[in-house]
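The values are calculated or read from the model by the stated rules, or taken from the named source; none is laboratory data. Every value quoted in this text rests on a predicted model; they were computed, and no experiment measured them. Using ideal geometry, Cβ is built from the backbone for each residue, glycine included, and neighbour counts are taken over all protein chains shown. Remember, those area values only see protein heavy atoms, side chains included, never the ligands or the DNA or RNA. Shrake-Rupley method; radii C 1.70, N 1.55, O 1.52, S 1.80 Å.
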Amino acid sequence: MPQQVQGVVAPGRNEPVRVETIVIPDPGPGEAVVQIQACGVCHTDLHYKQGGINDEFPFLLGHEAAGVVESVGDGVTDVAPGDFVVLNWRAVCGQCRACLRGRPWYCFDTHNAKQRMTLLDGTELSPALGIGAFAEKTLVAAGQCTKVDPAVAPEVAGLLGCGVMAGIGAAINTGGVGRGDSVAVIGCGGVGDAAIVGSRLAGAAKIIAVDIDDRKLSKATEMGATHTVNSRTTDPVEAVRELTGGFGADVVIEAVGRPETYRQAFYARDLAGTVVLVGVPTPEMKLELPLLDVFGRGGALKSSWYGDCLPSRDFPMLIDLHQQGRIDLGAFVTETIGLGDVEKAFARMHEGDVLRSVVVL
């Protein structure tokens, strides 16, 4: 029987979110219903609310989540009721050309649940990133459920569902940060700080945090940055070069997603260095660079989508590292809140007061 639960809905562009009754259908073939225990408030949810992703309102927000599988549909074998899972928005197909070449993190045919969740009046909801986890329960494709050790706190585990994985993966998977490397991270919000954590985990010798907010730079130092640059008062390109013997960083991770900060990243890298774009730009943004500079500096310009992660490989590994004390995922949790506090959490995010507000159910 379909279930009625409470969830956070964005009804229209820039309208305040509200808690509504959501109808969750029974899982069909290849689907699962998950009882949500915790879900982080990610900047992507704010993009949805502002209409920056698309205009398929109303949205059921939330995607950075952990919970327990309640029921599964026909043909589901990888997860079962009672499994503790982190939700991911890249359920790989296993059959596309990327998957068949052994590169499933580039899957070209990721999928979501086929059925739609609705409001009481039958209005179909668009779940954020195919998840919609600011809700007591949600319907997803079973492949979006990644089993992890249930001993870890849900508000910590859920962070791997988006921002923390994106940042750590940008450093390790996309940027290929290695022992002794120099790294600059531009933008020290949740994703940027995760990139700092990933760079430290990979053995980087020098990690330079760049931001316009001294509060964020202080937090970046706690996360493992060895140097900080306030780009409001200092030219970040010159500062990064000065800190790297005049050469530039081996890897520069741009975690803002703006043309001006991308240009900074491009010129702050060493010859043959790597730029990784993990910040999410908006559709109207354009980038202009002298083609000769692109040619002459060599190296690699990469984008990192979800940290080029493979959830089945990376989520359990990072949970294990957290439990060993080698990374502190809990350091990303600034506050825990209820479903009715999401609008206030968006305001705090805009003001730069938090790394992560986490809804706990």
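Okay, residues lined up against (1) part of a helix (DSSP H, G or I); (2) at pLDDT 95 or above; (3) more than 14 Å from the chain's Cα centre (by Cα); (4) not small (Gly, Ala, Ser):
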position: 152; (1), (2), (3), (4): no, yes, yes, yes
position: 158; (1), (2), (3), (4): yes, yes, no, no
position: 164; (1), (2), (3), (4): yes, yes, no, yes
position: 167; (1), (2), (3), (4): yes, yes, no, no
position: 188; (1), (2), (3), (4): no, yes, no, yes
### Query
Are any of the residues in segment 244-255 open to solvent by 10 Å² or more (accessible area, probe 1.4 Å) and within 26 Å of residue 316 (Cα to Cα)?
yes
#### Entry: Identity of the residue in segment 1-17, in contact with a helix residue (DSSP H, G or I) (Cβ under 7 Å, 6 or more places away or on another chain) and open to solvent by less than 50 Å² (accessible area, probe 1.4 Å), that ends up nearest to residue 36 (Cα to Cα)
8
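Look at segment 305-349 and say how many of its residues are under 29 Å from residue 202 (Cα atoms), more than 18 Å from the chain's Cα centre (by Cα) and surrounded by 18 or more Cβ atoms within 10 Å (Cβ to Cβ). Please lay out each step first, then the result.
Kept after step one, since they are under 29 Å from residue 202 (Cα atoms), are these residues of segment 305-349: 305-335, 349.
When the remaining residues are screened for being more than 18 Å from the chain's Cα centre (by Cα), the result is 320-321, 323-326.
With the extra rule that they be surrounded by 18 or more Cβ atoms within 10 Å (Cβ to Cβ), the set shrinks to none.
Here the count works out to 0.
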### Output for segment 1-17, where each listed residue is out of contact with any Ser or Thr (no Cβ under 6 Å at 6 or more places or on another chain) and either part of a strand (DSSP E or B) or under 23 Å from residue 142 (Cα atoms) (or both)
1, 2, 3, 5, 6, 7, 8, 9, 10
### Query
Inside segment 207-224, can you point out the residues that are over 17 Å from residue 261 (Cβ atoms), touching a residue at least 40 places away in the same chain (Cβ under 8 Å) and crowded, with 19+ Cβ neighbours inside 10 Å?
219, 223
### Task
Go through the residues of segment 290-307 one by one and say whether even a single one is of a type in the set (Val, Ile, Thr) and either under 30 Å from residue 132 (Cβ atoms) or in contact with a helix residue (DSSP H, G or I) (Cβ under 7 Å, 6 or more places away or on another chain) (or both).
no
### Task
Filter segment 18-44 down to residues that are at pLDDT 95 or above, surrounded by 24 or more Cβ atoms within 10 Å (Cβ to Cβ) and outside any strand (DSSP E or B), then give me how many there are.
1
### Task
For segment 45-81, name all the residues that are of a type in the set (D, E, K, R), outside any strand (DSSP E or B) and farther than 18 Å from residue 163 by Cα.
55, 56, 74, 78
### Task
Six or more apart or on different chains, Cβ under 6 Å: which pairs go from a residue in segment 253-267 that's of a type in the set (Ser, Thr, Tyr) to one that's not in a loop (DSSP other than H, G, I, E, B)? Could you list them?
261/186; 261/254; 262/254; 267/237
### Query
Does residue 340 meet the test of being touching a residue at least 60 places away in the same chain (Cβ under 8 Å), farther than 23 Å from residue 253 by Cα and not charged (D, E, K, R)?
yes
#### Entry: Output for segment 233-257, where each listed residue is part of a loop (DSSP other than H, G, I, E, B), over 19 Å from residue 196 (Cβ atoms) and not polar (S, T, N, Q)
235, 245, 246, 247
### Task
Just need a number here: residues in segment 123-142 that are in contact (Cβ under 8 Å) with a residue 12 or more places away in the chain and surrounded by fewer than 16 Cβ atoms within 10 Å (Cβ to Cβ).
1
